[in-house]
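What follows is a single structure, written as structure tokens, with notes after it.
The values are calculated or read from the model by the stated rules, or taken from the named source; none is laboratory data. Just so you know, these numbers come straight off a predicted model, no measurement behind them. No Cβ is skipped: glycine too gets one built from the backbone with ideal geometry, and neighbour counts run over all protein chains shown.
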Amino acid sequence: MKVFHSMITPFALLALTTAPAHATEGAFSRTFKANGRITLRIACDSGSIHIIAGAENAVYISGQVKDLHPWGKTLEAQETRFHQLAANPPVRQTGAVITVGNMQESKFNVRIDYEIEAPPNSDVDVYAGTGDVEDEGVGENVHLNTSSGSIHATGLTNGFAIQTGSGDIVADGGGAGAVSAHSTSGNIELHNLTGGLSAKTGAGDIKIDGRPGASWQIAADSGSVEYWPNRAPMDLEAVTTAGSIHVDGTTEAVRTDQDRHSLNAKLRGGGPPVHIETGSGEIRVH
């Protein structure tokens, strides 16, 4: 869903709105030209980031600003802060690079939630300190990172790297590129993978579907792993410290080694190596 229909000029359009009673919220917006491939560098230490695919020749950015500590401030002081931010928002363009945010939001006791519409082939590098990240079809070789928040990404191409300290990861795509998805504490769900893979969570479950085109490493320190290989051939190595291992279609698996907590098998004649490991959790390959 596009959210920028109210924009009327192609350059540096600024708008400010404030709540009539307490002035604890404001907004700004900007439009930049995109001549050729661009790079988005987004860094926000407090706030969410939502990126959607748009036109090939423009980038639209809006920010919803919230005062985190409005109590004890006069209405005039709050309005002054929002006017200053609207006049000079943390959004810049230098050649083909567009920079959003400056990691100073919490220092000034504000939260900024960003909505960004960009060309689908943009290079995207995101860091959010506290907040969720959502990417709907923007970026090749995407990097998405949040210290505390969930990440949801769809329609990515040419591989991606996603990391969160505390939060879930849901992503699909990646083409033939390498995929990395790591969460310190959260679930991981990945779909339609065809390249290489490194997926790891400290505390959470992992669910994956795809056909490995290179080596896969999947690990859950405390949680289960469920994998749908879509009948792909592979050399499977599954290990669990305290859990069980289940492989569907065992008539197609040549087991080279198995005990209670480990399994080595060639599925459908063998193929790229797939290593799955859990500390305490079940491993199931469909």
Original post:
Looking at G270, G175, which one is on the phi > 0 side of the Ramachandran plot and under 22 Å from the mean Cα position of the chain (by Cα)?
Top reply: G175
**OP:** State all residues of region 127-145 that are part of a strand (DSSP E or B) and over 8 Å from the mean Cα position of the chain (by Cα); if no residue qualifies, say none.
**Re:** Y127, A128, G129, T130, E136, E140, N141, V142
Original post:
What are the residues in region 89-107 that are surrounded by fewer than 18 Cβ atoms within 10 Å (Cβ to Cβ) and either outside the structural domain of I52 (by TED's automatic domain parsing) or at pLDDT 85 or above (or both), if any?
Top reply: R92, Q93, T94, G95, A96, V97, T99
**OP:** Tell me which of these R37 doesn't satisfy, since it passes every other one: (1) at pLDDT below 90; (2) in a loop (DSSP other than H, G, I, E, B).
**Re:** (1)
Original post:
Do you know which residues across region 30-48 are over 20 Å from A86 (Cβ atoms) and surrounded by 18 or more Cβ atoms within 10 Å (Cβ to Cβ)?
Top reply: A34, I38, L40
Original post:
Which of the residues spanning region 145-190 are among the hydroxyl-bearing types (S, T, Y), surrounded by fewer than 19 Cβ atoms within 10 Å (Cβ to Cβ) and farther than 21 Å from R211 by Cα?
Top reply: S147, S148, S166, T184, S185
Original post:
Looking at this structure, is V110 in contact with a Ser or Thr (Cβ under 9 Å, 6 or more places away or on another chain), modelled with pLDDT under 95 and not small (G, A, S)?
Top reply: yes
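The rows are residues; the columns are (1) under 17 Å from I151 (Cβ atoms); (2) modelled with pLDDT of 90 or more; (3) among the small types (G, A, S).
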site: L190; (1), (2), (3): yes, yes, no
site: G195; (1), (2), (3): no, yes, yes
site: K200; (1), (2), (3): yes, yes, no
site: K207; (1), (2), (3): yes, yes, no
site: D221; (1), (2), (3): no, yes, no
site: S224; (1), (2), (3): no, yes, yes
site: T251; (1), (2), (3): no, no, no
site: R260; (1), (2), (3): no, no, no
site: N264; (1), (2), (3): no, yes, no
Original post:
E117: within 20 Å of Y60 (Cα to Cα) and at pLDDT 95 or above, yes or no?
Top reply: yes
Subject >> Given (1) within 29 Å of L40 (Cα to Cα); (2) surrounded by fewer than 19 Cβ atoms within 10 Å (Cβ to Cβ); (3) touching a Gly at 6+ places or on another chain (Cβ under 8 Å), number of the condition A242 does not satisfy >> reply: (1)
